[in-house]
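Working notes, beginning with the structure itself.
Nothing in this text is a laboratory measurement; each read-out follows from the coordinates by a stated rule. Every value quoted in this text rests on a predicted model; they were computed, and no experiment measured them. Here Cβ is always computed from backbone atoms with ideal geometry, including for glycine, and neighbour counts include all displayed protein chains.
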Amino acid sequence: MITISILGCGWLGLPLAKALLSKGFLVKGSTTSVDKLAALENAGIEPYLIALSENKATGNTTNFLENSEILIIDIPPKLRGSGTENFVSKIRNVIPFIEKSAVQNVLFISSTSVYNDVEAFVTEATIAKPDTEGGKQLLETEQLLQSNKNFKTTVLRFGGLIGEDRHPIKFLAGRENLDNPDAPVNLIHQDDCIGIILKIIETDSWNETINAVAPSHPTRELYYTQKGLELDLALPKFNHKNPSIGKTILSSKIETVLKYTFTKPNL
């Protein structure tokens, strides 16, 4: 039976762990919160308290990775507010533990923020040229992992994450003078995030870089107005004075490499 370690059992990592358990995998999961250890254990996940900093990895990282063939890294950079960090250094500190473990394959959850808005259409063949600090650190981390010859790394670049309890309209409702009304949205539902990860593991699709965004790309104004109406929220208002800037993320490898069909293509 294959053991999988998930570094970061949060909004995506926890339901992913449960999905992997239902498929017959043994799952180890990490959290930075003592309060969440019991929830992981009650779900059938072997829990570990692990925290990464720029200087070290705290917790029993060796046991967390012991006997695991696959490591999924799902911890986003914290680059807002006063508590900003060097995300690359955090991941660099866990690499020696991976090298000494049985891990053969790493799946790194990244973001389409590694692409800038200059290109109208973006595929996996598009050269990533991030223009945000988060995008720059994610790209450097991707390269750090994929250049390591001790294991194979697949990078999965998700668009904006949405789910039953998470949707950007809740933050945009009632706001005014929003930019880029005609820019396309690039979103993906939590269910498809999990489905795509399961497909990567099922098909042994390692040493890949894969974009993961739902195939529907309505404009920001059309989409968020519609969602505001559906949820009976105050509608956002957009500024049409300036030209809209925004890329369309194409997920060609989802179809050609993974043969995956989106369960929520229209969001």
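Scanning region 221-265 for residues that are in a loop (DSSP other than H, G, I, E, B) and of a type in the set (Gly, Ala, Ser) yields 234, 244, 246, 251.
How many of the residues in region 161-187 are closer than 15 Å to residue 117 by Cα and under 16 Å from the mean Cα position of the chain (by Cα)?
1
Out of all the residues in region 136-145, which are in contact with a helix residue (DSSP H, G or I) (Cβ under 7 Å, 6 or more places away or on another chain) and farther than 15 Å from residue 156 by Cβ? Once the filter is applied, which keeps residues that are in contact with a helix residue (DSSP H, G or I) (Cβ under 7 Å, 6 or more places away or on another chain) and farther than 15 Å from residue 156 by Cβ, region 136-145 yields 137, 140, 144. The residue pairs whose first member lies in region 180-206 and is farther than 19 Å from residue 217 by Cα, whose second member is part of a helix (DSSP H, G or I) and not aliphatic (A, V, I, L, M), and whose beta carbons are closer than 8 Å, counting only pairs six or more residues apart or on different chains, are 194/15; 205/199. Among the residues of region 83-115, the one identified as assigned to a loop (DSSP other than H, G, I, E, B) and basic (Lys, Arg) is 100.
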